[in-house]
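Here's the structure we're looking at; comments come further down.
Read-outs: derived from the displayed coordinates by stated rules, not from any lab. Please read these numbers as outputs of a predicted model, since none were measured by experiment. Ideal geometry is used to build each Cβ from the backbone, glycine not excepted, and the neighbour counts take in all protein chains shown.
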Amino acid sequence: MAGKLGGGGKKGLSPNAEPNVIPFIDIMLVLLIIFMVAAPLPTVDVKVDLPPPGNVVYVKPEDSPTVVKLVEAPGGAGQYIYIGDVGVTKDAFETQLMTIVAQNNPSFRGSYSDMFEKAKIFVDADMQTPYFNVIGLINDIDTVGFKSVSLLVKEEES
């Protein structure tokens, strides 16, 4: 309350011991709005283009997608990367990926820009693979220059 009138005392007004909290509330609401506007939004810079349900992605008959598989070592001792059936180290990943994608997509041999834009790369990982490692692999593929990266989804076998 802003003020309290009371009857009593020599002057007709008694002292008010209640603090005035209205300015405090106003300041807190302004600070809340400032922090809400200034706080960064939690975003991930991974572009996901999902096809409409039921449509099949067309790949030229002579071109085949490249599957990059991420396998976690037992006991969390690291990870193994396979491009197709070839095991690859982190150091040789970029050159091996370029070589295998060029082999799988003979229609893009002359044009690397077409290969970077249109070659299909599927990332395969199981449920035990940490999300951070899968996103790191997708970032590595994006760093090489490939723009069409998809996650490989498998139906559960029963």
Given labels modelled 7 Å from the Cα in the Cβ direction, how far is it in nm from Ser64 to Asp142? 2.9
Which residues qualify? For Ser150, with a placed amide H closer than 5 Å and at least 5 residues away or on another chain, they are Ile121, Phe122, Val123
Region 66-151: Rg to Rh, with Rh as the Kirkwood radius over Cα pairs: 0.97
In nanometres, what is the gap between the two model label sites at Phe24 and Ala38, each 7 Å from Cα along Cα-to-Cβ? 2.2
